[in-house]
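What follows is one structure encoded as C-alpha cells, with my remarks underneath.
The values are calculated or read from the model by the stated rules, or taken from the named source; none is laboratory data. Owing to the predicted nature of the structure, the values given are computational and were not obtained by experimental measurement. Positions of Cβ are generated from backbone atoms using ideal geometry, with glycine treated the same way; all protein chains shown enter the neighbour counts. Heads up: the accessible areas ignore ligands, DNA and RNA and are worked out on the full protein's heavy atoms, side chains in. Shrake-Rupley method; radii C 1.70, N 1.55, O 1.52, S 1.80 Å.
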Amino acid sequence: MDTLLFLIPLLPLVGFLFNLTVGVRVLSPRREESGGDAHGHSPSPVVGLVACGTVLASFLVAAGAVVAAHQAPDHTLAQTLWTWIPGGAAETAVHGVAGVTPFQVEWSYLLDPLSSVMVLVVTFVGFVIHVYSIGYMGHDPGYARYMAYLNLFMFAMLTLVLGANYMVLFVGWEGVGLCSYLLIGFWFEKQSASDAGKKAFIVNRIGDAGFLVGVFLVFVTFGTLDFRAVSEAVAHMPVEYAWGGTLTLIGLLLFVGATGKSAQLPLYVWLPDAMEGPTPVSALIHAATMVTAGVYMVARSSAIYAHAPKAMLVVALVGAATAIFAASIGLVQNDIKRVLAYSTVSQLGYMFLACGVGAFGAGIFHLGTHAFFKALLFLGSGSVIHAMSGEQDMRHMGGLRKKLPWTRLTMLVGCIAIAGIPLFSGFFSKDEILWSAFKVGGYGRWVWGLGVVAAAMTAFYMFRLYWMTFGGSFRGTEEQEHHLHESPKVMVIPLQVLAVGAALTGFLGVPAVLFGNNRIEHFLHPAFEDAHHALTEVFASPVPGHGVELGLMALSVAVAGLGIWVAYRFYGGAPVIPERLAAAWPGVHRTLLNKYWVDEIYNALIVRGLVLGGGNALFASDRYVVDGGDGEVRPALGVNGVAWSTRDVVARASNLWDRWVVDGAVNLTAFILDNLSYAFRAVQNGLVQHYALSMLIGIFLLIFAGRFVLGLY
C-alpha cells in the first residue's frame, strides 16, 4: 500500500486539471446563451461528479493506507518518488561542529499516526463539503472554476500533511495559501472580497517568512529536513531551558509561521475578513483544514518543542490569549459567519494551548472534533443564508426553526458539541486539553484558567447565535419570509453526516477516568514518542488524582451550562437585557463590537504608518536626498546636488582653468613664436651669400667662445 500513497494527493490534482480546462472551457454555460448572464443555466453535472469523485477516491485510498500503516511494525508507511532538490554543498553546524553537508531533498510521503488523522479528516470532511457545494454554488457562473479551486486546495493540503520533510510540507503550505487567496477572492468583482483575498495572502507571507527561516535553521542544525531524522536527532539532545538555545529559536521561528497560517495573535486579522468568500470555502479552508496546518506543523515538530520549554511556553500563552481574546469579540458580533470566524480563531487557540503544555495528542484530537462541528456550523450558516436570500445579519433573522427544521437540528448539534456538553465530541476533546493544562502545574494552571473562561464565552456566543437565528419571531422583511425554505437534499445530507460526526467522534478519546482508554491518544503515541522523555523531564509535577480530574470536568460542564443559560436569558426572547447592558457599559460594548479596533490600529501603524508612511519617507528620501530636490538642478544633496556642483562649480572652474591657464599658455607660446618668426624670417631669405656670411660669423663666434673658455681654465 505504501506504493499508492502518491495517489492520495494526485487524484484531486487530476480533478483540478480537468475542471480548470474541460470544465471551465467546455462544460460551463456561456454567457451569450442567456443574453450575457449565465446565472439561469445549470452547469454540467460532470463538473461536480469529477470534483467530488476524485476526492472520494482519495478518501478511499487514504483509508486503505491508514489501515495498512496501522498494521505495519512501526505504524508507518513511506514512499519516495524522486530526488527533488539534488542540491550542492551547504555549510552546517551539526552537533555544533562546522562542516559541509549536501542540501538534498527527496519528494517523499510519510503516513504515520499523526498524518493518518489529518489525511482522513481532510479527505472526508473535504468530500462532504464538495457535495454541499454542488447545491450551494451550482448556479454560480464560475461553478467549474470554483470546484477546480477546491480540488487544488485538496491537493495542496494533502501534500502538506503527507510530506515527509519540511520542504515538501512547505510546498503544500504555500499551496493552501494560494488556494486561500483564490477562494476568498472568488467573487473578485466585489471590492471587499478582492481586498480580503489580498489581506490573507499578505498576512500569511509575514508568517511564512519566519517559518522558512526556521526551516533553514533546522537544516543548518541537523543537516537534514526529514521529519524522522530530525526527531531522532533531537531525542538525543539535552533539554534547553534557556531562551537563547538553538532549539528554542527554531521553535519560535516555526511558530511565527503557525501564527500566520492558523490565525493566532497578532496575525489573526485575515481570518474574519476571509468570510467574504463562499460559505463552503469558510467551512473547508477556514474552519476544518487549512487553518489547522499550523497546529499540525507544531505537533509534527513535537520533539523540538518538547526539548525547548521556553518555546512551548510562548505557544501556550499565545494560544490561551488568542482563545479568550477572539471569544470576547464573538460575544457581540451580529454577522453569523463572523461569529463563527472568531470562534474558529478561539478554538485554534485551544489547540495551541494543548501543544504548549505538551499535550500534542489532545491538540490533534480537538483538531479532528473541531473539523466536524465547525464545518457543520459553517455549512449550517450557509443553509440559513441561502434561505434568507443572502442575509447574514442575525438581527434580521429569528423564528427559523419551523422553516428550516433540519438546519436547526444539525446546527443545534454543532452548538452543543462546541460548547462542550457531555457525550458530544467537543466535551471530550476540550476537557482533555483543560485537564492536560491543569495537571502539568506551573504556567499550565494559568492557561487552564483562561481556557475555562474561554469555554464559558464559547457556550454563550454559540447559543446566542442559535437563539438569534432560530428562536423568537422572524425579524426580516416580508419578502425574505415569503422565500424561506429548507435547503435541498444535496445540502441537507452533508449537514446530517457532519452532525453525526460532531456527536460521535468524541468517543474516540474517552478518558480513562470515565472508564475509557483514550484510543486516539494511544493511536497517536508513536508519532510523539521522541518527545515523551523530554516532556517527562520538563513537566515533572505530580499528576493530581482522578477526583480532581472529575471535579475539573464537572466545572467545565458547569461553566458551559452557565453560558448556555445566560444566552437563553438574554436572547431566548426579546433582547432586553443585552440592550440594557450595552447602554450601561457603552465603552466595553463598543470596544468588543469594533473588535478592539485592531484593524484600525494595524491600518494606522502598519498600512498607513509603516507601509505608506515608510513609502512616503522613502520617496522623500529619494527625492530630496538621493535626487536632491524636486527635479530642478540647483544647490542640494544627492544626484541633483552633484549635477549642480558639477555644472556650476566644477565646470566653471574648469572653464577658467582652460581659458586662462591652458589656453593662456598655448596663446603665449604662439605669440612668442609668432614674433620670433619675424627675426628668423629675415635670416632665412634664400640668398646663398647671406648664408655664407652667417656661417663665417658663426665660426668666428665659436672660435672666440672656445678661446674664452680655454682662457678661463
Which residues, taken from region 665-681, are open to solvent by 70 Å² or more (accessible area, probe 1.4 Å) and among the hydrophobic types (A, V, I, L, M, F, W, C)? VAL666, LEU668, PHE671, ILE672, LEU673, LEU676, PHE680
Pick from region 166-188 the residues that are in a loop (DSSP other than H, G, I, E, B) and open to solvent by 40 Å² or more (accessible area, probe 1.4 Å): which of them is farthest from HIS286 (Cα to Cα)? PHE188
Residue that is of a type in the set (Val, Ile, Thr), over 18 Å from PHE16 (Cβ atoms) and either touching a residue at least 24 places away in the same chain (Cβ under 8 Å) or open to solvent by less than 10 Å² (accessible area, probe 1.4 Å) (or both), where the choices are VAL122, VAL117: VAL117
Identify, please: which residue in region 475-525 is open to solvent by 20 Å² or more (accessible area, probe 1.4 Å), in a helix (DSSP H, G or I) and in contact with a Lys or Arg (Cβ under 9 Å, 6 or more places away or on another chain) and is, among those, modelled with the lowest pLDDT? GLU481
Using the structure shown, decide if PHE424 is open to solvent by 40 Å² or more (accessible area, probe 1.4 Å), modelled with pLDDT of 95 or more and not polar (S, T, N, Q). yes
For VAL218, state whether it is out of contact with any Phe, Trp or Tyr (no Cβ under 7 Å at 6 or more places or on another chain) and either in a helix (DSSP H, G or I) or polar (S, T, N, Q) (or both). no
Residues of region 379-404 classified as farther than 19 Å from GLN333 by Cα, outside any loop (DSSP other than H, G, I, E, B) and open to solvent by 50 Å² or more (accessible area, probe 1.4 Å), total: 1
Condition test on LEU409, is it part of a helix (DSSP H, G or I) and open to solvent by 50 Å² or more (accessible area, probe 1.4 Å)? yes
Is region 192-206 home to any residue that is touching a residue at least 12 places away in the same chain (Cβ under 8 Å), surrounded by 24 or more Cβ atoms within 10 Å (Cβ to Cβ) and basic (Lys, Arg)? no
Among PHE373, PHE365, the single one that is in contact (Cβ under 8 Å) with a residue 24 or more places away in the chain, buried (at least 24 other Cβ atoms within 10 Å of the Cβ) and within 30 Å of LEU252 (Cβ to Cβ) is PHE365
Conditions: (1) under 18 Å from ASP335 (Cα atoms); (2) more than 22 Å from the chain's Cα centre (by Cα); (3) open to solvent by 70 Å² or more (accessible area, probe 1.4 Å). TRP597 meets all but one. Number of the miss? (2)
Looking only at region 75-99, and only at residues there that are at pLDDT below 85 and surrounded by 12 or more Cβ atoms within 10 Å (Cβ to Cβ), the one that is nearest to GLY223 (Cα to Cα): HIS95
Just for region 227-252: of the residues that are in contact (Cβ under 8 Å) with a residue 12 or more places away in the chain and part of a loop (DSSP other than H, G, I, E, B), which one is most open to solvent (accessible area, probe 1.4 Å)? TRP243
One residue is enough: does region 547-564 have a residue meeting the conditions touching a Lys or Arg at 6+ places or on another chain (Cβ under 8 Å), open to solvent by less than 60 Å² (accessible area, probe 1.4 Å), within 21 Å of ASP431 (Cα to Cα) and not in a helix (DSSP H, G or I)? no
For a quick check of your reading of the model, give me the residue pairs whose first member lies in region 482-493 and is more than 16 Å from CYS52 (Cα to Cα) and touching a residue at least 60 places away in the same chain (Cβ under 8 Å), whose second is open to solvent by 90 Å² or more (accessible area, probe 1.4 Å) and among the charged types (D, E, K, R), with beta-carbon atoms closer than 6 Å and at least 6 apart or on different chains. LEU484/LYS403
Only residues that are part of a helix (DSSP H, G or I) and open to solvent by 60 Å² or more (accessible area, probe 1.4 Å): list them for region 533-546, please. HIS533, THR536, GLU537, HIS546
When region 127-143 is examined, which residues are found to be small (Gly, Ala, Ser), part of a helix (DSSP H, G or I) and within 26 Å of the chain's Cα centre (by Cα)? SER133
What pairs come out if I take residues in region 578-589 that are closer than 19 Å to TYR461 by Cα and pair them with residues that are in a helix (DSSP H, G or I) and among the hydrophobic types (A, V, I, L, M, F, W, C) whose C-beta lies under 7 Å away, six or more apart or interchain? PRO578/PHE570; HIS589/ALA582
Select from region 415-454 the residues that are outside any helix (DSSP H, G or I) and closer than 18 Å to ALA499 by Cβ and write down the one among them that is nearest to the chain's Cα centre (by Cα). GLY420
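A quick yes/no check of all residues on (1) among the acidic types (Asp, Glu); (2) over 14 Å from LYS310 (Cα atoms):
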{"position": "TRP243", "(1), (2)": "no, no"}
{"position": "LEU249", "(1), (2)": "no, no"}
{"position": "LEU252", "(1), (2)": "no, no"}
{"position": "ALA258", "(1), (2)": "no, yes"}
{"position": "SER262", "(1), (2)": "no, yes"}
{"position": "LEU265", "(1), (2)": "no, yes"}
{"position": "GLU276", "(1), (2)": "yes, yes"}
{"position": "SER282", "(1), (2)": "no, yes"}
Name, by its number, the condition in (1) within 25 Å of SER115 (Cα to Cα); (2) part of a loop (DSSP other than H, G, I, E, B) that does not hold for CYS355. (2)
Candidate set: region 30-59, residues that are aliphatic (A, V, I, L, M) and surrounded by 15 or more Cβ atoms within 10 Å (Cβ to Cβ); chosen: the one modelled with the lowest pLDDT: ALA38
